[in-house]
Each structure stands twice: as structure tokens, then as C-alpha cells.
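FYI, it's all coordinate maths here, none of it is from the lab. Note that the structure is a prediction, hence the values are computed from the model and not measured. Cβ coordinates were reconstructed from backbone atoms using ideal geometry, including for glycine residues, and neighbour counts include every protein chain displayed.
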Amino acid sequence: MQFSEFADIIHRWSVFCCSLFSVYGINSILYQRGIYPPETFTRVQKYGLTILVTTDDELKNYLTNILADVKGRLPVIIVKAQAHNTISAVAM
């Protein structure tokens, strides 16, 4: 395997992980800060943890759209961060 192929795999994995875990982080913030009422969240088991996720369809659609946009921009953000030797842990 060439280094460039390996770097591409790592890069794609970074984008995948960042976008996947972002939705759970955002849900957690919305719940813990009381931005949405507690009754609009349900507990699910993910990655050996109990995570709160919204049951509000409108909020789910909004988050899906926002995170799709972020996911599209994330590769550029990671590359720029690596080029400037900042936040290199994002690509780990």
C-alpha cells in the first residue's frame, strides 16, 4: 500500500468519525443545556454507552441537513488544519 493510499484511508476515516459522533454530541448539548425539553429525547445504546437522542422529527431533519453540509466541508477543514500543523489530532 502506498503512503498516499494509506493517508487517504485515514482521511476518509477521520471524516466519517467526526460526522458520526457529532450528531451524538449535538444531541447531548441540546439536552444538557435544556435547549429542547427532556421529553423530546430518548435513550439509546451506542458504543457501550447510553446516549440521548432527539425524537423530534423536525430537529432530526435539521441536524441531518446541517451535518451533511459539514461532512461535505470537513475534508477541506482537516486538510487545512494539517497543512498549518494545527489540530492534527482531528485526523487521528
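Computed values, structure above
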item: Ranked Ser14, Ser28, criterion: other C-beta atoms within 10 Å, fewest first; result: Ser28, Ser14
item: Ranked packing of 49-55, 37-43, 65-71, most packed first, by mean Cβ within 10 Å; result: 49-55, 65-71, 37-43
item: Estimated distance in nm for a label pair at Ile29 and Ile66, the labels positioned 7 Å out from Cα along Cα-to-Cβ; result: 0.7 nm
